[in-house]
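Comments concern the structure below.
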Amino acid sequence: MFGGLKFGVTWPAMDSGMPAPAPTPRALGLRMPAEWEPHDGTWFTWPRPEGISFPGKYDSVPPVYAALIRHLVQVEEVQINVWNQEMEDWVRGLLRGEKTPLDRVHFHHFPAYEPWCRDHGPIFLVRDEPGHRQRAVVDWDYNAWGGKYPPFDLDDAVPQHVARLRQLPLFSPGIILEGGSIEVNGRGTVLTTTSCLLNPNRNPQLSQGDVEKYLRDYLGVSQVLWLTEGIVGDDTDGHIDDLARFLNPTTLAAAVEHDPSDANYPILRENLERLRLMRDTAGREFRVVELPMPGLVEYDGQRLPASYANFYIANGMVLVPTYRDQHDRVALEILQREFPDRQVIGVDSTELIWGLGSFHCITQQEPAG
């Protein structure tokens, strides 16, 4: 597979006795597919009661997972990382109690401390050939958003487990990057933020040009587009999946705040202006669709990073977080117009957002093989 490349080994040099660096995914014709491209399944990492993500509210979170999985099993397989057999048995019982079919749910004893699979899970790459598709996994380093929540060694190992399970080549760039910090259109463009990828708590040794080269080489893209800051309450330093999302190769959804007194107003206004100036790889303007923000969502005096942009695109459906807010209906209507061939489903994320993330943060798509 890919000339013998597998699990991080290097290719031998042709003439010298020294090993040559392994070719990058881009050099091999690999790319990260867009989220709307066909899936084999969706990966989750189940939250632990002992974890730190949901202090004082853990019991209200597993039913949200069950609701998402109940929808997803209608259209694709679901893969769940669990701590051990005891957790697997407990989750099976919970899903049965929530009337979630288990015939398309698969468990893997790949332990992780926290449940944010978008960030610590595998990033799959594909290369399409006539009648055949090859796949691989990128294993970016993971440090829990700048070392904020140690330990994270088990979370960091999850992509390696998945690559072995699927018997796929594994590329290890050796730099820190979370899946929620990047958004691709499958046609050569990646969108990200300076506040996250250029933060000194990630890769202080790298310049912006260095980061862009890694993104091009390991995601198979040809251009990197940058927004600036993230929304208030986001402990990831500004993940893109709360700010702007590709709806198709030429259309972006931009989170906007209409209340000038809200702290997110200037941040999202600047990002919107930047998006309107961006061009695709052919030099064409992107169509930009404004997606409202929910009103203020707080718990225990803390503002939470609630955003409708944290939706997840699955086979035939889009799962959208709702917040018991007057803007829920408007956001669902906008996304349904933009995804006419998919069922847009709102699921209450009010309990989940206490962990400072929503549906996109806890899922990771596995593209069809």
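The values are calculated or read from the model by the stated rules, or taken from the named source; none is laboratory data. Everything numeric in this text was worked out from a predicted model, so none of it was measured. Here the Cβ is made from the backbone with ideal geometry for all residues, glycine too, and neighbour counts use every protein chain on show.
Within region 294-313, restricting attention to residues that are touching a His at 6+ places or on another chain (Cβ under 7 Å) and more than 17 Å from T363 (Cα to Cα), which residue is surrounded by the most Cβ atoms within 10 Å (Cβ to Cβ)?
Restricting to residues being touching a His at 6+ places or on another chain (Cβ under 7 Å) and more than 17 Å from T363 (Cα to Cα), the top hit is P294.
Scan region 162-185 and tell me whether some residue there is charged (D, E, K, R), touching a strand residue (DSSP E or B) at 6+ places or on another chain (Cβ under 9 Å), outside any loop (DSSP other than H, G, I, E, B) and farther than 23 Å from N248 by Cα.
Scanning region 162-185 turns up at least one residue that is charged (D, E, K, R), touching a strand residue (DSSP E or B) at 6+ places or on another chain (Cβ under 9 Å), outside any loop (DSSP other than H, G, I, E, B) and farther than 23 Å from N248 by Cα.
Using the structure shown, decide if V126 is outside any helix (DSSP H, G or I), out of contact with any helix residue (DSSP H, G or I) (no Cβ under 9 Å at 6 or more places or on another chain) and on the phi < 0 side of the Ramachandran plot.
Yes; evaluated as a whole, the condition is true for this residue.
Note down all Cβ pairs under 6 Å where the first residue falls in region 249-269 and is more than 19 Å from F286 (Cβ to Cβ), the second is among the aromatic types (F, W, Y) and not in a strand (DSSP E or B), and they're at least six residues apart or on different chains.
From region 249-269, the pairs are E257/Y265.
V211 - would you say it is within 21 Å of N248 (Cβ to Cβ), in contact with a Leu (Cβ under 6 Å, 6 or more places away or on another chain) and without any contact (Cβ under 8 Å) to a residue 40 or more places away in the chain?
Taking the combined requirement at face value, the residue does not satisfy it.
Of all residues being farther than 13 Å from R48 by Cα and surrounded by fewer than 18 Cβ atoms within 10 Å (Cβ to Cβ) in region 72-84, which is nearest to the chain's Cα centre (by Cα)? Just the residue, please.
Among those that are farther than 13 Å from R48 by Cα and surrounded by fewer than 18 Cβ atoms within 10 Å (Cβ to Cβ), it is E77.
Which residues, taken from region 200-216, are touching a strand residue (DSSP E or B) at 6+ places or on another chain (Cβ under 9 Å) and either of a type in the set (D, E) or under 30 Å from V297 (Cβ atoms) (or both)?
Within region 200-216, N201, R202, E212 meet the criteria.
In this structure, does V289 turn out to be in contact with a Lys or Arg (Cβ under 9 Å, 6 or more places away or on another chain), modelled with pLDDT of 95 or more and not in a loop (DSSP other than H, G, I, E, B)?
Against the criterion (in contact with a Lys or Arg (Cβ under 9 Å, 6 or more places away or on another chain), modelled with pLDDT of 95 or more and not in a loop (DSSP other than H, G, I, E, B)), V289 qualifies.
For every residue, the table says whether it meets (1) under 23 Å from C361 (Cα atoms); (2) in contact with an Asp or Glu (Cβ under 6 Å, 6 or more places away or on another chain).
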{"position": "D217", "(1), (2)": "no, no"}
{"position": "V224", "(1), (2)": "yes, yes"}
{"position": "D237", "(1), (2)": "yes, no"}
{"position": "L252", "(1), (2)": "yes, no"}
{"position": "S261", "(1), (2)": "no, no"}
{"position": "N264", "(1), (2)": "yes, yes"}
{"position": "L268", "(1), (2)": "yes, yes"}
{"position": "R274", "(1), (2)": "no, no"}
{"position": "R284", "(1), (2)": "no, no"}
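Restricting to region 325-363, and then to whatever is outside any helix (DSSP H, G or I) and touching a Ser or Thr at 6+ places or on another chain (Cβ under 7 Å), can you tell me which residue is surrounded by the fewest Cβ atoms within 10 Å (Cβ to Cβ)?
Taking the candidates together, the pick is D348.
Would you check if G209 is modelled with pLDDT of 95 or more, surrounded by 20 or more Cβ atoms within 10 Å (Cβ to Cβ) and over 23 Å from R287 (Cβ atoms)?
When the stated conditions are applied, G209 does not pass them.
Quick check on my filter: what residues within region 224-271 are under 28 Å from E37 (Cα atoms) and of a type in the set (S, T, N, Q)?
Residues satisfying the conditions are T228, T236, N248, T250, T251, N271.
Checking the condition in contact with a strand residue (DSSP E or B) (Cβ under 8 Å, 6 or more places away or on another chain), free of Cβ contacts under 8 Å to residues at least 60 places away in the same chain and in a loop (DSSP other than H, G, I, E, B), which residue from P111, P33, P101, P115 passes?
P111
Please work out which residue is nearest to I52 (Cα to Cα), limiting yourself to region 135-161 and to residues that are of a type in the set (D, E) and not in a helix (DSSP H, G or I).
Among those residues, the one meeting the criterion is D141.
Is it fair to say G316 is on the phi > 0 side of the Ramachandran plot and either among the hydrophobic types (A, V, I, L, M, F, W, C) or surrounded by 14 or more Cβ atoms within 10 Å (Cβ to Cβ) (or both)?
Yes.
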